[in-house]
Amino acid sequence: MWPIIFSPPAFLLFGLTFAGFLFIRSAAPHDRWGAVAHGYFPRRLRTGLFLGTHVALGFRNRVLKRSFDILVTAVLMLIFAPVFLCAAVLLLLTEGRPIFYISTRYIGLDRPVRVIKFRTMVRDARSPKYELKERFMRDGYLDIPLDCEVYTPVGRILERLQIVELPQLLNVLIDGMSLVGNRPLPKENVELLAQFPGWEKRFESPGGITGISQVVGKLNLTPAKRLRLESLYSKVYQEGNILRCDCLIIWHTTAGVLLRNEGITLERSEALLQSCLPEK
């Protein structure tokens, strides 16, 4: 009996079962301590897998999106490992330590994670002498243009090519962050967003590395318009074809980086999101 239990097929079956459990658990709602919400699995498994309800669609979207994130992230980490290493060495030689910038951001209303990026700014960028918040904070969104003096020469290149975001692939695998979603925000930024009606809707989908606002261009959007777009994305996550939406956003993000264009228009981005919602 023991040879059967410890045979390769048995290990494979166990691995697939455990992976499936992780997919479902990471897609489930969590409380503020990171635990799966009480009573989620029995009810949602019955509803989500066998009934064609609105709740079922939301459950399937969570599982599909998380599965997609893990699969694509694993592939991207293999492909971009040399780029990651070169960027780390370049930063170490030109700017010194630290080569990473780590900050606590919210990928959900009650889900803070330590987001990791390559450091692209001077070490004392938070110093009052630069007045970044006074100059660039817009009702909860801090968008610093690339021509700002706080960016290092290498940092500007990493930002322009979006290599700065590569370390966040670890956040996708470990912390439940997504490849595509509304950008995670620091606590003080979240508190500023509370002035807008319905602001919490943007957090009804997991925070991501790129998103619909990045496709349009953050500096081209007012805070109100950006929040409207992000809330609409959350609606797609709950009710629409989230895989199609994420693939379109990844396509436009890649095109923006390679072609160095200014992104798509606000009207086109809204049409993109609407096309991923079910027809009424």
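Structure values in brief
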read-out: Under 5 Å, built H, 5+ apart or other chain: amide partners of Arg119; value: Phe100, Tyr101
read-out: Distance between modelled label sites at Leu277 and Leu92, nm, 7 Å Cα→Cβ extension; value: 4.9
read-out: Loop-located GluC sites (Glu not before Pro) in segment 64-149 whose Cβ has at most 15 other Cβ within 10 Å (DSSP); value: Glu131, Glu149
read-out: Overall form of segment 155-280 per C-alpha gyration tensor (a/c, 1.5; a/b vs b/c); value: rounded
read-out: Residues whose placed amide H lies under 5 Å from that of Asp139, excluding near-sequence neighbours; value: none
read-out: Separation in nanometres of the label points that stand 7 Å from Cα toward Cβ, at Leu258 and Leu64; value: 2.5
read-out: Positive-pole candidate from Ile163, Leu227, Pro206, dipole of segment 159-229, charges at beta carbon; value: Leu227
read-out: FRET efficiency, 1/(1 + (r/R0)^6) with R0 25 Å, evaluated for Leu78 and Ile102 via beta carbons; value: 0.60
read-out: Percent accessible area from carbon and sulfur atoms, segment 109-213, protein chains only, probe 1.4 Å; value: 54
read-out: For segment 55-105 versus segment 219-280, the gap between their alpha-carbon centres in whole angstrom; value: 21
read-out: Modelled FRET efficiency - R0 22 Å, Leu142 with Asp110, Cβ distances, 0.05 increments; value: 0.55
read-out: Percentage relative contact order, segment 115-235, counting C-alpha pairs under 8 Å, at least six apart; value: 27
read-out: Label-point separation in nm, Ala224 to Leu161, each point 7 Å along Cα→Cβ; value: 4.0
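The values are calculated or read from the model by the stated rules, or taken from the named source; none is laboratory data. Computed from a predicted model, the values in this text were never measured in an experiment. Note that we place each Cβ from the backbone using ideal geometry, even for glycine, and neighbour counts take in every protein chain shown. Just the protein is used for accessible areas: all its heavy atoms, side chains included, with ligands, DNA and RNA removed. Shrake-Rupley method; radii C 1.70, N 1.55, O 1.52, S 1.80 Å.
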